[in-house]
Amino acid sequence: MAKDYSYRPYSSKQQTQSRRVKMVMLTLIVLIVGVVIWMRSQMFRTPVTPETTEPPKVLFNEVLPSSAPVSEPAPQAAPLPAITPPAAEPAPAAAPIQEPAPVAETVAEDTPAAPPVTAAQDPSASPNSTIGEGPNQTSSEAQQLIEKALALRDTGKIIAARDLLNESLNMKLSPAVRTGVKAQLAKLSEEWLFGRGVLEGDQMTSRYLVKPGDLLVNISKEHKVPYEILLKINGIERAEMLQAGQRIKVIDGPFNAVINRSTYTLDLFLQTMYIKSYKVGLGRAEHTTPTGRWMVAPGGKMIKPTWTDPDTGKTYLGSDPDYPLGSRWIALDGIEGNAKGRTGFAIHGTKEPETIGTQSSHGCIRLFNGDVIEVYDLMEPGQSSINVMD
């Protein structure tokens, strides 16, 4: 068979390399296009939407009680106290940190009686009754005032908010809204009153420059408050640690209280500004706590005074394990109403905390031991008044 010797072209070395370069570039182009397509598909799967922030809204129901327990009862609280200065300057109070001489007091600690049905158990005091004309409803004027106060609070204008909320307590409020307003005021007081700062626009607190020779007890008397509260809010451990040149926060008192017998509450005020509320125990039916106006007696603040039970004649020392009067004693003098001329009554603690909220004493006003220490540190003898009302 004859061989085919026809011409067959062979690829040169340069042509081979050129084809390889073209194939590599083509492969790279395909890969790049594929990556771009994949990235675009991922972007469309997870679209990014801009965040939108709505302006904050102030709701009227913000003043209603929260789910956390509040020491304020649901029924309508007593009105603000009518404070009138005493006719004459009282004698200086005894130093409250000294152990008092034996005292005789007409208080007996008896078996607690069952508490009566109070307004807190009244179904008409519903949180839903906020607006309208009924006796347990909030007026539209009060609602507007509270809404304005809450808006001021949210912008940091604590003093302006405080003043409006306190003003609303003199208006027509449902029991639930009144409770909420008081809870808001109590929360604000932790900042403007019990905090170390003096807020702008506050007429009830100020700064005092301590001068050489100043004593804290004299500064406190000038401002009608006990020195104990000035120690606390200024973080001073002992009164003798006060130094000239210090600028301390002072409070313009006095502190006063309104006791509502129907709700077993003590509402605390600085002058006429609501601060907070406490639960109390009151006198039994046969020894009811008299209504009317009382004054903290000069020299009447004592720590665990010796006391003789008028029913049994047994004398108790403050160190006795069964001492019945708790951690503090604040003696009262009757000034007006059914209280006028009455003595032997006091605000004190108790070794029977279960009697708080009941008629169980011989006429005195009982507080939990922790609460009575707070009240003790705020009441100024001869200045602080206590109004007891139904």
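Filtering segment 190-233 to residues that are in a loop (DSSP other than H, G, I, E, B) and under 18 Å from Asp163 (Cβ atoms) leaves Leu193, Phe194, Gly195, Gly197, Val198, Leu199, Glu200, Gly201, Asp202, Gln203, Met204. Checked against the criterion of being within 22 Å of Asn369 (Cβ to Cβ), in the same structural domain as Asn166 (by TED's automatic domain parsing) and without any contact (Cβ under 8 Å) to a residue 40 or more places away in the chain, segment 305-316 contains one or more residues that satisfy it. On inspection, Ser277 fails the criterion of being surrounded by fewer than 18 Cβ atoms within 10 Å (Cβ to Cβ) and of a type in the set (Gly, Ala, Ser). Restricting to segment 192-221, name every residue that is of a type outside the set (Gly, Ala, Ser) and loosely packed, with under 13 Cβ neighbours inside 10 Å. Arg196, Glu200, Gln203, Arg207, Leu209, Lys211, Pro212, Asn218 - these are the residues of segment 192-221 that are of a type outside the set (Gly, Ala, Ser) and loosely packed, with under 13 Cβ neighbours inside 10 Å.
Take the conditions part of a strand (DSSP E or B) and farther than 24 Å from Leu150 by Cα and apply them to Asn256. Does it pass? In short, yes.
For segment 359-370, a tally of residues being under 14 Å from Leu266 (Cβ atoms) and surrounded by fewer than 23 Cβ atoms within 10 Å (Cβ to Cβ) returns 2.
Those strands (runs of 3 or more DSSP E) of segment 307-390 in which at least 1 residues are closer than 12 Å to Leu282 by Cα, considering only elements entirely within it, cover 345-348, 359-361, 385-389. Over 17 Å from Ser384 (Cα atoms) and touching a residue at least 40 places away in the same chain (Cβ under 8 Å): does that describe Ile236? No; evaluated as a whole, the condition is false for this residue.
The values are calculated or read from the model by the stated rules, or taken from the named source; none is laboratory data. Computed from a predicted structure; not experimentally measured. No Cβ is skipped: glycine too gets one built from the backbone with ideal geometry, and neighbour counts run over all protein chains shown.
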